[in-house]
1. Would you check which residues across segment 183-201 are part of a helix (DSSP H, G or I) and open to solvent by 10 Å² or more (accessible area, probe 1.4 Å) and list them?
2. In the list MET230, MET210, which residue meets the criterion of being in contact (Cβ under 8 Å) with a residue 24 or more places away in the chain and closer than 23 Å to PRO37 by Cβ?
3. So, in segment 143-182, how many residues would count as being of a type outside the set (S, T, N, Q), at pLDDT below 95 and closer than 22 Å to PHE245 by Cβ?
4. Would you check which residues across segment 106-122 are of a type in the set (A, V, I, L, M), closer than 19 Å to ALA280 by Cβ and either in contact (Cβ under 8 Å) with a residue 60 or more places away in the chain or open to solvent by 10 Å² or more (accessible area, probe 1.4 Å) (or both) and list them?
5. Go through (1) without any contact (Cβ under 8 Å) to a residue 24 or more places away in the chain; (2) under 25 Å from VAL146 (Cβ atoms) for ASP238 and report which single condition fails.
6. Please identify the pairs in which a residue from segment 156-172 that is assigned to a loop (DSSP other than H, G, I, E, B) has its Cβ atom under 9 Å from the Cβ atom of a residue that is buried (at least 19 other Cβ atoms within 10 Å of the Cβ), counting only partners at least 6 apart or on another chain.
7. With respect to the numbered conditions (1) of a type in the set (A, V, I, L, M, F, W, C); (2) open to solvent by less than 30 Å² (accessible area, probe 1.4 Å); (3) within 23 Å of PHE175 (Cβ to Cβ), which one is the sole condition not fulfilled by ALA83?
Amino acid sequence: MNLTNFDHQRVQVSDGVELHVATTGSGTPVVLLHGFPQTHLMWRHVAADLAADHTVIMPDLRGYGDSDKPADTGSTYSKRAMAADVVAVARHLGHDRFALVGHDRGAHVAFRAGLDHPAHVTHLASLDVLPTLDTWDVMRGTSGVVGFHLFLMAQPPGLAEELIGARPDAFFGHFLDVWGGSSFPAEVRAEYLRASREAVTSIVADYRAMATVDVEHDTADLRAGNRLGMPVTVLQQDWGSALGFEAEKLWRAWASDLDHRTVSCGHFMAEEAPGVVVGAVRDLLAR
């Protein structure tokens with residue numbers, strides 16, 4: 001299922017890896033990175049608005065949607081590799097500098113892109129995640145059960161793939177239903193399930209990287225004093241009140257030019273409350 005009235009193409013980002021990319025609009029570029037268990041389709045409402053005065057670029061992340069799903073070698077699905085994909089896509093489309101908006105998994109990729117490629121990322125927006133190190137730090141006690149999937153998919157190769165692969169629609173549908181409720185039309189939900197069903201191994205590899213190589217990369221940056229230097233906007237549910245942390249304080253340790261906003265909508269905010277997301281992105285681009 002592709003977005004209508006959008007251009008679609010495949011872009012080679014590295015040897016043997018191509019991403020499916022949807023584009024629309026004209027003007028200064030904004031790259032939108034989707035989350036789990038979704039594809040570029042999640043941006044359909046936001047992109048339609050931003051396209052009035054921006055070139056909007058929406059790849060399926062490697063391992064997701066209709067993008068390639070290379071075998072994991074341990075770093076294949078590191079956020080460093082996925083961030084490099086984003087820069088390669090933008091460059092292929094003629095953009096050396098661009099604003100970057102990421103949701104969920106895409107937000108982790110955007111975070112790494114901001115650290116690794118500050119000359120290319122002009123503005124950065126993160127939707128409903130904490131940085132990787134902080135995510136693991138706050139998942140404690142019974143309140144951390146909400147993140148059970150993080151621990152499942154962090155296991156060595158084999159177990160998670162087998163368990164999820166046996167009932168993929170039940171697994172991925174759980175998150176769509178619990179986190180999103182009625183946010184999705186039936187055909188959109190069906191597309192998310194199809195895409196995820198065909199990507200179990202690569203999705204697990206993406207999450208496994210979050211507990212291994214991504215931790216190594218973020219720890220090295222933290223110790224070196226590397227931070228996000230561009231204007232940053234964070235939209236977040238009030239997870240802090242449930243898990244016992246101050247989200248803005250955690251984010252400010254990584255970004256000095258920060259606009260942190262707590263939202264009342266659910267996790268899939270680009271579909272549930274696209275106006276909130278568009279407003280925040282436009283405010284970010286004006287900074």
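1. As a first pass, look at segment 183-201 and keep what is part of a helix (DSSP H, G or I): 186-197, 200-201.
Correct list: ALA186, GLU187, ARG189, ALA190, GLU191, LEU193, ARG194, ARG197, VAL200, THR201.
2. Details: MET230 fails: closer than 23 Å to PRO37 by Cβ.
Exactly one of MET230, MET210 is in contact (Cβ under 8 Å) with a residue 24 or more places away in the chain and closer than 23 Å to PRO37 by Cβ, namely MET210.
3. Of the residues in that region, 6 qualify.
4. Filtering segment 106-122 down to residues of a type in the set (A, V, I, L, M) leaves 107, 109-110, 113, 115, 119, 121.
Restricting the remaining residues to those that are closer than 19 Å to ALA280 by Cβ gives 107, 109-110, 113, 121.
Of everything in segment 106-122, those that are of a type in the set (A, V, I, L, M), closer than 19 Å to ALA280 by Cβ and either in contact (Cβ under 8 Å) with a residue 60 or more places away in the chain or open to solvent by 10 Å² or more (accessible area, probe 1.4 Å) (or both) turn out to be ALA107, VAL109, ALA110, VAL121.
5. (1)
6. PRO156/ARG208; PRO157/VAL204; PRO157/ALA205; PRO157/ARG208
7. Exception for ALA83: condition (3).
Per-residue answers, yes or no, for (1) assigned to a helix (DSSP H, G or I); (2) hydroxyl-bearing (Ser, Thr, Tyr); (3) under 20 Å from ARG287 (Cβ atoms):
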{"site": "LEU124", "(1), (2), (3)": "no, no, yes"}
{"site": "VAL129", "(1), (2), (3)": "no, no, no"}
{"site": "GLY147", "(1), (2), (3)": "yes, no, no"}
{"site": "PHE151", "(1), (2), (3)": "yes, no, no"}
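The values are calculated or read from the model by the stated rules, or taken from the named source; none is laboratory data. Being a predicted model, the structure only gives us computed values, none of them experimental. Positions of Cβ are generated from backbone atoms using ideal geometry, with glycine treated the same way; all protein chains shown enter the neighbour counts. Protein only, heavy atoms only, side chains kept; ligands, DNA and RNA dropped before computing areas. Shrake-Rupley method; radii C 1.70, N 1.55, O 1.52, S 1.80 Å.
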